[in-house]
Amino acid sequence: METRAGKQARQKRGVGAAVKTVIYLDVLLLVNFLVAYLLLRAVGFVCGAPPGFGRSCAGALLAALSALILLAPPLPTTLSLLYQAVSAAAVCRAAFPFRGWRGFVRQTVWYFLLNLGLAGAVLLALSRNLPLGAQTNNFAVYWAVSPTLLVGCAVLVYLALRLVLLVFGGPRDTECWQLRLSLGEAEGPPLAALLDTGFLLRDPLSGQAPVLASYTDMCSALPQAVAAFLEGYFTGTCPQPPPGVPIRLILCKTAGGMRALPAVGGFSARLFGPGKARQAERVLVVFTDQTLADGSVQALFGKEFYHTARPVQRRLTQTGQERSAVE
C-alpha cells in the first residue's frame, strides 16, 4: 500500500470541476523507505535473522522505488499481480542473505503479511474519517494520508511485533554440529549436522532416536556390502540385506509424502560443537537420497539423540588435571 500526504487542487473548466491529486515524489519515496525499513526489520526478528543496516536500507530503497508503479499507466491484472509478487521477492532478496529457498519464501510471506497488517492499522486509524477519494492503480492504493500517521502506524506494527517476541520469545538460532559416523573400521567424513528440535523420528521397534544422514555424502565411506544395498534400494532394485548387518525400513514423513527409508544400526557417532563434544554407540542411522535443509547440511538429529550422546571431556583438560594432581 503506497500512501502520501496529498493536496487536492480544483481546476474549473466551464461549469464542472475536475479534482486532481498532487503527489510529491520526494515524500512518497521517503515515507515508503521508512515504512519498508521498519517492516523488513520486523521480518528479520520473526524469522530469527535480522538483516544488517546496509541490507535493510537496500531492501527499503528497492521497496520505495517499487511504489512508483502507482504513477504508471494501468496494467493488465496478470501483469500487476506479477509485478507485486516479483517486487516483494526482490525486496526480501536484497534485504536478507540467501540461505535456502525455504527461508526465502518464509521471509517473503512474512513481509507480505506485515504489509497487510500495516494496511489494517491505517484503516483502523481512519475508520471514523475515511477519505472519499481513494485511488487504486496496478494493485497500489493511494489515500491522502498524513505521512506522520502512516509512519506512526508502521512504528506501532513494529513495536507490537517486538512486544510479542519479548513475551513469547523469538525463534532460536539454528545449532550446527560436526558429525562423524563410523561403522566397524569404516569411518565416514565429517558431516554438517543440524540439531532440529522438530525432528521427532523414532524407531518403532526399539524406540531409539536415530540420525538422518545423506546417503550421497556417506556412500564412499560405508562398507562395500552396505553401500551396495543402499545403492540398490534407492535405484529400486530391491536388493537383499547383507548378512550380519542390522538393516530395517522405517516409515518417514518427507517433503514428498510418507516414505520407507533404510536404517542401518551399529554406528558409532561423535558430535563436535563450539567448545563441546559428545559421542554415542550403537547408533541407528536412517539414510535418505534427498537433500536435507535445502542442501545446507548433510545430517539431522533431534533433542532426544543429543541427550542420549554422552559428553566427552577433552584430552587436554584431563592431562592438565593429571599433571596438577602429580605436582
Distance in nm between Thr148 and Val312 label points, each 7 Å along Cα→Cβ, equals 6.5 nm
The ³J(HN,Hα) series, computed from each phi in the range 241-254 with the Karplus coefficients 6.51, -1.76 and 1.60 at θ = phi - 60°, rounded to the nearest Hz and given as x for glycine or proline, is x, x, x, x, 10, x, 10, 8, 9, 10, 6, 10, 9, 10
Expected sort for Arg310, Arg270, Arg259 with the fewest Cβ neighbours (10 Å cutoff) up front is Arg310, Arg259, Arg270
Listing Thr254, Thr108 by rising number of other beta-carbon atoms within 10 angstrom, fewest first, gives Thr254, Thr108
Rounded to the angstrom and largest first, Cα extents along the principal axes for the range 55-110 equal 36, 23, 14
Which residues qualify? For Asn138, with a placed amide H closer than 5 Å and at least 5 residues away or on another chain, they are Leu75
Distance in nm between Asp289 and Glu231 label points, each 7 Å along Cα→Cβ, equals 1.2 nm
Output ordering of 236-249, 54-67, 272-285, 90-103 (per-residue mean of other Cβ within 10 Å, highest first) is 54-67, 90-103, 272-285, 236-249
Val109 and Thr78 label points (each 7 Å along its Cα→Cβ direction) are spaced in nm at 2.6 nm
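Read-outs: derived from the displayed coordinates by stated rules, not from any lab. The structure displayed is predicted, hence computed values, not measured ones. FYI the Cβ positions are ideal-geometry reconstructions off the backbone, even for glycines, and counts take in every protein chain you see.
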